[in-house]
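Student: The structure that follows is given in the form of structure tokens.
The values are calculated or read from the model by the stated rules, or taken from the named source; none is laboratory data. Since this is a predicted model, take the numbers as computed values, not measurements. Backbone-built Cβ (ideal geometry, glycine too); neighbour counts: all protein chains shown. Remember, those area values only see protein heavy atoms, side chains included, never the ligands or the DNA or RNA. Shrake-Rupley method; radii C 1.70, N 1.55, O 1.52, S 1.80 Å.
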Amino acid sequence: MIRTATPADVPVIHAMVRELAEYEKALDEVRATEEQLHEALFGERPAAYAHIAEADDGEAVGFALWFLNFSTWRGVHGIYLEDLYVRPERRGGGHGKALLTELARICVERGYQRLEWSVLDWNAPSIAFYESLGARPQDEWTVYRLTDGALAGLGGR
């Protein structure tokens, strides 16, 4: 079952964010707190949205955290999927596909024309899964990022 996250889900979302970061060999980069996630998802001006995948017993076994982007070429919003995670012992049960299906449904319902995300180039199981759903890599684009000192320097601080 896929459902919209509630404030009570913040601790399990935070735990799964940390599990995902550990899987991606970047746990030391996680700085987000439960309080920050709560504010981002449920504050006065939410910046992101989340859905929870539940097992038959009601246990949260995965999540999708996403936000709106905008295509100047298409002239409409889309969804950028920041994180998709299913706990390892629950993979293969259709939870990841169900989460992506729900986001695709939201796109279609709202007239959004893109559902996009990034995947690490070494994550072969995820790449194969995404391609099995019809997703295609955008190989001609390279992601750039400013953080920490470089961001502060460019921003004048």
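Student: Probe 1.4 Å, all protein chains in place: accessible area of residue 38 in Å², nearest 10?
Tutor: 70 Å²
Student: For the stretch 98-157, what does the equivalent ellipsoid look like in terms of its semi-axes, each the square root of 5 times an eigenvalue of the Cα gyration tensor, given largest first in whole Å?
Tutor: Equivalent ellipsoid semi-axes, largest first: 30, 18, 10 Å.
Student: Taking every pair of alpha-carbon atoms in the stretch 1-85, give the share separated by more than 23 Å as a whole percent.
Tutor: On the way: 924 of 3570 pairs.
Looking at the stretch 1-85, the distances longer than 23 Å represent 26 percent of pairs.
Student: Could you tell me the relative contact order of the stretch 59-120? Use alpha-carbon pairs under 8 Å, at least six residues apart, and round to a whole percent.
Tutor: 36 percent
Student: Would you work out which of 71, 50, 61 lies farthest towards the positive end of the dipole of the stretch 7-79, given +1 charges on the beta-carbon of Lys and Arg and -1 on that of Asp and Glu, about the Cα centre?
Tutor: 71
Student: Further question on the same structure: The chain: longest stretch without exposed chymotrypsin sites (Phe, Trp or Tyr not before Pro) (DSSP loop, at most 13 other Cβ within 10 Å), sites themselves excluded? Present the calculation step by step, with values, prior to reporting the outcome.
Tutor: Numbers: sites that count: 73, 122, 141, 144.
Value returned for the longest uninterrupted segment is 1-72.
Student: Which whole-number percent is the relative contact order of the stretch 2-157 (Cα, under 8 Å, 6+ apart)?
Tutor: Dividing the mean separation by the residue count of the stretch 2-157 yields 17 percent.
Student: Continuing with the same structure: Could you tell me how many cubic angstrom of Cα convex hull volume the stretch 62-115 has per residue?
Tutor: 63 Å³
Student: Percent of accessible area on the chain owned by carbon and sulfur, 1.4 Å probe? Write out the running numbers ahead of the final one.
Tutor: Details: 5440 of 10320 Å².
Carbon plus sulfur share of accessible area: 53 percent.
Student: Please give the length that would be gained between residue 118 and residue 23 if that part of the chain were fully extended, namely 0.36 nm times their separation in residues minus their C-alpha to C-alpha distance (nm, one decimal).
Tutor: 32.7 nm
Student: Given the Cα-Cα distance of residue 140 and residue 73 and 0.36 nm per residue of separation, how much length would full extension add, in nm?
Tutor: Net length gain for the segment: 22.5 nm.
Student: How big is D for the stretch 47-157, in µm² s⁻¹ as a whole number, if Stokes-Einstein is applied with the Kirkwood radius of its Cα pairs at 10 °C and 1.306 mPa s?
Tutor: The diffusion coefficient I find is 100 µm²/s.
Student: Another question, if that's okay. Which order do peptides 11-22, 146-157 fall in by mean Cβ count within 10 Å, highest first?
Tutor: The most tightly packed comes first, giving 11-22, 146-157.
Student: Excluding ligands and nucleic acids, what accessible area in Å² is computed for residue 118 using a 1.4 Å probe, to the nearest 10?
Tutor: So the heavy atoms of residue 118 present about 70 Å² to solvent.
Student: If you don't mind, another one. Just to confirm my numbers, what's the Cα centroid distance between the stretch 20-91 and the stretch 93-154 in Å?
Tutor: With the stretch 20-91 and the stretch 93-154 each reduced to a Cα centre, they are spaced 11 Å.
Student: At 222 nm, what value in deg cm²/dmol follows for the chain if DSSP H runs of at least 4 each add -39500 (n - 2.57) and the sum is divided by all its residues, to the nearest 500?
Tutor: It comes out at -10500 deg cm²/dmol, rounded to the nearest 500.
Student: OK, next. Across 5 Å bins from 0, what is the distribution of all Cα-Cα pair distances for the stretch 1-49, in whole percents?
Tutor: Calculated P(r), rounded to whole percents: 5, 21, 26, 23, 16, 8, 1.
Student: Order 3, 110 by their accessible area, 1.4 angstrom probe, all chains in place, largest first.
Tutor: I get 110, 3, largest accessible area first.
Student: Further question: Using the Karplus equation 6.51 cos²θ - 1.76 cosθ + 1.60 (θ = phi - 60°), what ³J(HN,Hα) coupling, rounded to whole Hz, does each residue of the stretch 29-46 give in order, writing x for Gly and Pro?
Tutor: So the Karplus estimates, Gly and Pro as x, are 8, 6, 10, 4, 9, 4, 4, 5, 4, 4, 5, 5, 8, 10, x, 4, 10, x Hz.
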